[in-house]
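S.K.: Sharing a structure, written as structure tokens. Questions coming.
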Amino acid sequence: MPPARAVLPLLALMASVAGGAQSRPPAASDAAWPQWGGPTRDFTVPGPSLGWSGAAPTRVWERELGDGFSSVIGDTTTLYTAHREGDDAVVSALDAATGRPRWSRRIDSAPLPGMFLNYGQGPNSTPVLAGTRLFVATFTGRLCALEAATGDVVWSRELWRDLGGTFRDVGYSNSPLVVGDLLVAPVGGKGQALAAFRLADGTTAWTGGDLGNAMSSPLLIDLDGERQVVALMVEGVAGFEPATGRQLWFHPHRTDYDVNAATPVWHPDTRTLLISSAYGQGTRALRLSRTGDRTAVAEAWFSRRLRVHHGNLLALGGHVYGSSGDFGPAPLTALDLATGAVAWQSRTFPKATLVQVGERTLVLDEDGRLAVVTLSPSGLKVLQEAQVTSKLSWTPPTVVGRRVYVRDRRSLVALELVPRG
């Protein structure tokens, strides 16, 4: 067994964060977190900056939740997430005010033979809310559409059993992406690196690419007026035409054990795509440009000093930030976006996920410590910190208005923050 598997419940949770606008699927309100990565799929929400008074944030409610790494999505009324109840994978809708369940729906059962279960049976993928429907992928590669109001299953597709997608023994971890009336999901294999399914009935609209599926979640970018779906696959990163699935470009980025987990980061101001991985890799900055109907890709720099395992990146201003490392310490690291030079590294936190709220950053480390910090080229400044969960906390926090939802492997806690100047 390769040592990489010891840390591989690589969630599509592994997101990366960009400093620019991405696609926004319809949601119940503007104060919403409707998909993996938040409103713009980049783990960034507009101000005001948040914090708390006293030693810790106000704990509004806390409830037990089955195992899994799926993020929480929703709005000020209803939350949704996927978790495990015994051998069953379950999607639940929760009352945002109280945490009480509105409905729960079993969508899958036991894992498949040959799956690696040292870190549980998932689910790892985060649902996406689009209009009145909720879409989620299970640990065993089942893609489901549910009615958001009732949990009734509208349609489902089998990405592994029927479509023959790339089997991942650590579970299917990609979070699907809504683009118009299509649901785009990595599948893997010849001619089907990505597939797009019609939201209405789940029928296949297109498939494209000859790449193996890793664990990273796709994102939508705008390159000089042309929309592209970008996906980090086993062999590297590629861009696809959203309407047809035609592959537009490719750049290699292969790791030991085929572990590409973090979501790419798009920085539109500099037309820079950032990809980062652990296991023998690092962070690459790719400059994208268009000439006619062709996309050119040039590697601007590569650094092994920032190796994101299963967390996320934040691109803020002229720097990119993330926890670097696979085994052992994972110092929070800042790289210059133009050159890749290391600005600083800090071991203040173990492995952590990052969410930018206004001018401040929420940091959740794997030990369950939540902090409010500022990130700048000159260093990390910790403004507040508090212990909020007690078990392994690899799921990024969700921010809806002033409410922050933090999940570990057994519980979900709702915290009320206040605006801070």
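S.K.: If I ask for residues that are surrounded by fewer than 22 Cβ atoms within 10 Å (Cβ to Cβ) and either β-branched (V, I, T) or at pLDDT 95 or above (or both), which ones from region 249-266 would you list?
M.R.: Matches in region 249-266: W249, F250, H251, P252, R254, T255.
Conditions tested, residue by residue: (1) free of Cβ contacts under 8 Å to residues at least 24 places away in the same chain; (2) crowded, with 20+ Cβ neighbours inside 10 Å.
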| site | (1), (2) |
| --- | --- |
| T126 | no, yes |
| G131 | no, no |
| T140 | no, yes |
| E147 | yes, no |
| T150 | no, no |
| S156 | no, no |
| L159 | no, yes |
| L163 | no, no |
| D169 | no, no |
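S.K.: Would a scan of region 186-205 turn up a residue that is aromatic (F, W, Y) and surrounded by fewer than 21 Cβ atoms within 10 Å (Cβ to Cβ)?
M.R.: Within region 186-205, not a single residue is aromatic (F, W, Y) and surrounded by fewer than 21 Cβ atoms within 10 Å (Cβ to Cβ).
S.K.: Residue by residue through region 320-340, note down the ones that are surrounded by fewer than 14 Cβ atoms within 10 Å (Cβ to Cβ) and in contact with a Lys or Arg (Cβ under 9 Å, 6 or more places away or on another chain).
M.R.: If the condition is that a residue be surrounded by fewer than 14 Cβ atoms within 10 Å (Cβ to Cβ) and in contact with a Lys or Arg (Cβ under 9 Å, 6 or more places away or on another chain), then P329 is the only one that fits.
S.K.: If you don't mind, there's one more thing I want to ask. Name the residue, out of G421, G311, that is at pLDDT below 95, part of a loop (DSSP other than H, G, I, E, B) and within 20 Å of W52 (Cα to Cα).
M.R.: Checking each option against the conditions leaves just G421.
S.K.: Another question, then. Take region 187-227 and flag every residue that is on the phi > 0 side of the Ramachandran plot, of a type outside the set (D, E) and touching a residue at least 12 places away in the same chain (Cβ under 8 Å).
M.R.: G188, G189, G191, G202, G209
S.K.: So which residues in region 104-158 are of a type in the set (V, I, T), closer than 28 Å to A262 by Cβ and assigned to a strand (DSSP E or B), if there are any at all? Spell out the reasoning first.
M.R.: We begin by selecting, within region 104-158, every residue of a type in the set (V, I, T); these are 107, 126, 128, 132, 136, 138, 140, 150, 153-154.
Among the residues that remain, those that are also closer than 28 Å to A262 by Cβ are: 107, 126, 128, 136, 138, 140.
Correct list: I107, V128, V136.
S.K.: Sticking with this one: Say we look at region 314-356 and pick out the residues that are within 22 Å of the chain's Cα centre (by Cα), among the small types (G, A, S) and under 19 Å from V372 (Cα atoms); which of these is modelled with the lowest pLDDT?
M.R.: The qualifying residue modelled with the lowest pLDDT is G317.
S.K.: Right, next: Please determine whether any residue of region 191-205 is assigned to a loop (DSSP other than H, G, I, E, B) and closer than 30 Å to K391 by Cα.
M.R.: Going through region 191-205, the residues assigned to a loop (DSSP other than H, G, I, E, B) turn out to be 191-193, 199-203.
The next check asks that each one be closer than 30 Å to K391 by Cα; those that pass are none.
No, because not a single residue in region 191-205 is assigned to a loop (DSSP other than H, G, I, E, B) and closer than 30 Å to K391 by Cα.
S.K.: Restricting attention to region 27-34, does a residue exist that is crowded, with 16+ Cβ neighbours inside 10 Å, under 15 Å from the mean Cα position of the chain (by Cα) and at pLDDT 95 or above?
M.R.: yes
S.K.: Has region 384-394 got any residue that is crowded, with 17+ Cβ neighbours inside 10 Å and not in a loop (DSSP other than H, G, I, E, B)?
M.R.: Yes, region 384-394 has at least one match.
S.K.: Is region 101-112 home to any residue that is aliphatic (A, V, I, L, M), modelled with pLDDT of 95 or more, surrounded by fewer than 19 Cβ atoms within 10 Å (Cβ to Cβ) and over 26 Å from P218 (Cα atoms)?
M.R.: no
The values are calculated or read from the model by the stated rules, or taken from the named source; none is laboratory data. A quick note: this is a predicted structure, and the numbers were derived from the prediction, not measured. FYI the Cβ positions are ideal-geometry reconstructions off the backbone, even for glycines, and counts take in every protein chain you see.
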